[in-house]
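The values are calculated or read from the model by the stated rules, or taken from the named source; none is laboratory data. Everything numeric in this text was worked out from a predicted model, so none of it was measured. Cβ placement follows ideal geometry from the backbone for every residue including glycine, while neighbour counts extend to all protein chains displayed.
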Amino acid sequence: MKPTNDNSYIYITEQKEYIDRMRADNEGYAAENGQRRRAYVLTFGCQQNEADSEKIKGMACDMGYVLTDTPKDADLIIVNTCAVREHAEQKALSFIGEYKHLKAKKPELLIGVCGCMVSQAHRQNELKNSNPYVDFIFGTSSLHLLPQIICEKISKGKRIYYPFSENTEVAECIPIKRESTYRAWVSIMYGCNNFCSYCIVPYVRGRERSRKKEEIIAEVSSLINDGYKDITLLGQNVNSYGKSEGFDYDFADLLAELANLAPEREYKIRFMTSHPKDATHKLIDVMAENSEHIAQHFHLPMQSGSDRILKIMNRHYDIERYLKSVDYMRSVMPDIALTTDIIVGFPGETEEDFECTLEMLRRVKFDMIFSFIYSPRKDTPAAAMEDQIPANVKSERFNRLLAVQNAISLEKNKPFENKTVRVLCDGPSKNNENVFSGRSDGNKIVFFDGDSDDIGRFIDIDIYRGDTFALYGTKATK
Ligand code: SAH
Ligand code: SF4
Ligand code: F3S
C-alpha cells in the first residue's frame, strides 16, 4: 500500500525505526539468555478492542517478542481496557492490581495499559497515582505509537503517558497478528459522533473517521486469498462509513464491492455495529442481492422500546422508524437473523417505558438480544440525570426482559429442527471437547459431532434440536 499525502491518513513507516531498535534489543536478549522475551496481551471490551489487540500483538511480534498466554512468564504485559460499563473497568483494574506481584518478582517486567478506560483523564490519573508499577499508559489515539512508547520507556527510564487526543488520524500499515486463520476482523471506521446520552464511547474513541475504500479492499482481498472464510467489518457505527469524510461511496457501495471480490470462493462478510439512523433501504437491498457473500444477519441496537426514552437517549430514531427498517429487511430477506442491544433502567425509565421495550421484543421477535443494566458513566449527560433507577428495580426488569426474550429465542430456534444449516466450524466446544461448535450464517451457535479436519471449514449440519441459546445437530451425510 502506497503512502498518500493526505494528512488525515498516516502510514506508520516512522515507527519502523523504533520497531528495528526493539527487535535488535530483543534479539540480543535472546542470544544471551537462550530464549526470547515474551509478551502477554489482555483484552477487555468489544470487537473493536479485539481488533486493536491483534495490532498490539502484531507490533510486539515485529519488535521481536513472542506471544504468551501466561502473564507470569511475560516480559511485557499490555492490558487493553474497556469503559462501557463500570463492571468492565473494575475487572481491568483488578487484573492490573494483580500484576503488581509479578513486577515485584521480576522488576524488568514492562507493564502498559491502553484502551478506552485510560482514555479518560480521571482513570489515567488514578493509575498514575495508585499503580506506580505501571510503566506506560496510552489512549486509543496512540495505539500505533506503541513501538515508540516502549523505546521511550526503556531509554528514559521514566513512566510514559500518552493521553487521549480527540483529533486523530487513521493509521494504516500496522502489522496485525490475527487470532484465527479463518475468521478476521477488519476495522473500517473508528470513533463515534452520536453522543448517546448514556455512552462513553465518543469521549474515548474520538470523532468518526473512515479508512479509504482502497485500503479496505486490499485488506479483505488478501484475507480471502489467505483462505479467510468469515470477515467482520468493524466500526462503532459501521453503516455511517464515509459520511464524515464525504466520500462519494457509502457503506452499501463498499459492501457490494467486497461481496464481489471473489465470486468463486466461499466466504462471508459481516458487519457491526449498525446505527438504526443509517440502516438504509440501499444497504438492505445490497445485503439481499448478495446473500451468497454477505451474511444474512443484521445487528441493529434498539436500546429501548419507548420513544420517550429514545429521545432522552439522543438516539435520533423512533420506534416507528425502527420497525420500518425491520419490516423492510424481512420483506426482502424473510429468513434474516435479527439481533439487538437493550439497556434496562435508563434514568427515568418508568414501568410503562419498560413495558414498551417488552412489547417491542414480542413484536419484532429478535433471534437474540444483548441486554445491559444501565451503568452511569462519568461526565455523560445521563449520569447527571435525576431519577436514577434503584439497583433492585433495574435487576428485576433485567430478569423479566430475559424471561420474555428466552421464550422468543426458543420459538425462533425451534423451526430449524429437521433442517440443514451451513456452519463455519470453530472446533471443540469449551465444555466438552467431543462436541464441536460453529456459527451459522445468522451467527447462531451450532453444536455437532465434528472432527479436527472440519475446523475453519464450512460444513452442512442436520439440526435435530433448536434450543434457546443454540442449535444441535449432526454432520449431514448428503
Ligand atoms: N456503537 C454501538 C455499540 C456501542 S457499545 C451502538 O451504537 O449500538 C455496545 C452496547 O453497550 C450499546 O449498544 C449499549 O446497549 C450498551 N451500553 C453503552 N453504554 C452503556 C451504559 N452506560 N450502560 C449500559 N449499557 C451501555
Ligand atoms: Fe455509544 Fe451511541 Fe456511539 Fe453507539 S452510537 S458508540 S451507543 S454514542
Ligand atoms: Fe468498551 Fe471501548 Fe469497545 S468502551 S465497548 S472497548 S469501544
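Within segment 315-329, residues that are touching a residue at least 12 places away in the same chain (Cβ under 8 Å) and in the same structural domain as residue 284 (by TED's automatic domain parsing) sit with their Cβ atoms under 8 Å from residues that are of a type in the set (Phe, Trp, Tyr) and surrounded by 21 or more Cβ atoms within 10 Å (Cβ to Cβ), at 6+ positions apart or across chains, in these pairs: 329/298. For the criterion of being out of contact with any strand residue (DSSP E or B) (no Cβ under 9 Å at 6 or more places or on another chain), surrounded by 15 or more Cβ atoms within 10 Å (Cβ to Cβ) and either part of a helix (DSSP H, G or I) or of a type outside the set (Gly, Ala, Ser) (or both), residue 132 fails. When you check residue 203 against the structure, is it hydroxyl-bearing (Ser, Thr, Tyr), touching an Asp or Glu at 6+ places or on another chain (Cβ under 9 Å) and not assigned by TED's automatic domain parsing to the domain that holds residue 14, yes or no? Yes: the conditions hold for residue 203. Within segment 346-358, identify whether any single residue is more than 15 Å from residue 299 (Cα to Cα), more than 16 Å from ligand 3 (Cβ to nearest atom), acidic (Asp, Glu) and buried (at least 17 other Cβ atoms within 10 Å of the Cβ), and answer yes or no. So far as segment 346-358 goes, yes, one or more of its residues are more than 15 Å from residue 299 (Cα to Cα), more than 16 Å from ligand 3 (Cβ to nearest atom), acidic (Asp, Glu) and buried (at least 17 other Cβ atoms within 10 Å of the Cβ). For residue 9, only one of the following conditions fails: (1) among the hydroxyl-bearing types (Ser, Thr, Tyr); (2) under 18 Å from residue 144 (Cβ atoms); (3) modelled with pLDDT of 95 or more. What is its number? Residue 9 satisfies all of (1) among the hydroxyl-bearing types (Ser, Thr, Tyr); (2) under 18 Å from residue 144 (Cβ atoms); (3) modelled with pLDDT of 95 or more except (3). Restricting to segment 279-295, name every residue that is outside any loop (DSSP other than H, G, I, E, B) and farther than 23 Å from residue 365 by Cβ. Matches in segment 279-295: 282, 286, 289. Here residue 166 meets the list (1) within 30 Å of residue 344 (Cβ to Cβ); (2) within 16 Å of ligand 2 (Cβ to nearest atom) almost entirely, failing just condition (1). Do we have any residue at all in segment 238-248 that's under 14 Å from residue 295 (Cβ atoms), surrounded by 18 or more Cβ atoms within 10 Å (Cβ to Cβ), modelled with pLDDT of 95 or more and more than 16 Å from ligand 1 (Cβ to nearest atom)? No; the residues of segment 238-248 include none that is under 14 Å from residue 295 (Cβ atoms), surrounded by 18 or more Cβ atoms within 10 Å (Cβ to Cβ), modelled with pLDDT of 95 or more and more than 16 Å from ligand 1 (Cβ to nearest atom).
With respect to the conditions (1) within 16 Å of ligand 2 (Cβ to nearest atom); (2) of a type outside the set (D, E, K, R); (3) assigned to a loop (DSSP other than H, G, I, E, B), residue 298 lacks only one, and its number is (3). Looking at the structure I just gave you, is residue 66 within 16 Å of ligand 2 (Cβ to nearest atom), over 17 Å from residue 153 (Cβ atoms) and not hydroxyl-bearing (Ser, Thr, Tyr)? Spelling it out, it is not the case that residue 66 is within 16 Å of ligand 2 (Cβ to nearest atom), over 17 Å from residue 153 (Cβ atoms) and not hydroxyl-bearing (Ser, Thr, Tyr). Counted as qualifying within segment 382-464 are the strands (runs of 3 or more DSSP E) with 1 or more residues that are farther than 24 Å from residue 339 by Cβ and in contact with a strand residue (DSSP E or B) (Cβ under 9 Å, 6 or more places away or on another chain), namely 420-428. Entry remark, segment 312-329: residues being part of a helix (DSSP H, G or I) and touching a strand residue (DSSP E or B) at 6+ places or on another chain (Cβ under 8 Å) number 2 in total.
This table checks each residue for (1) outside the structural domain of residue 10 (by TED's automatic domain parsing); (2) out of contact with any Cys (no Cβ under 7 Å at 6 or more places or on another chain).
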{"position": "145", "(1), (2)": "no, yes"}
{"position": "158", "(1), (2)": "no, yes"}
{"position": "168", "(1), (2)": "yes, yes"}
{"position": "174", "(1), (2)": "yes, yes"}
{"position": "177", "(1), (2)": "yes, no"}
{"position": "198", "(1), (2)": "yes, yes"}
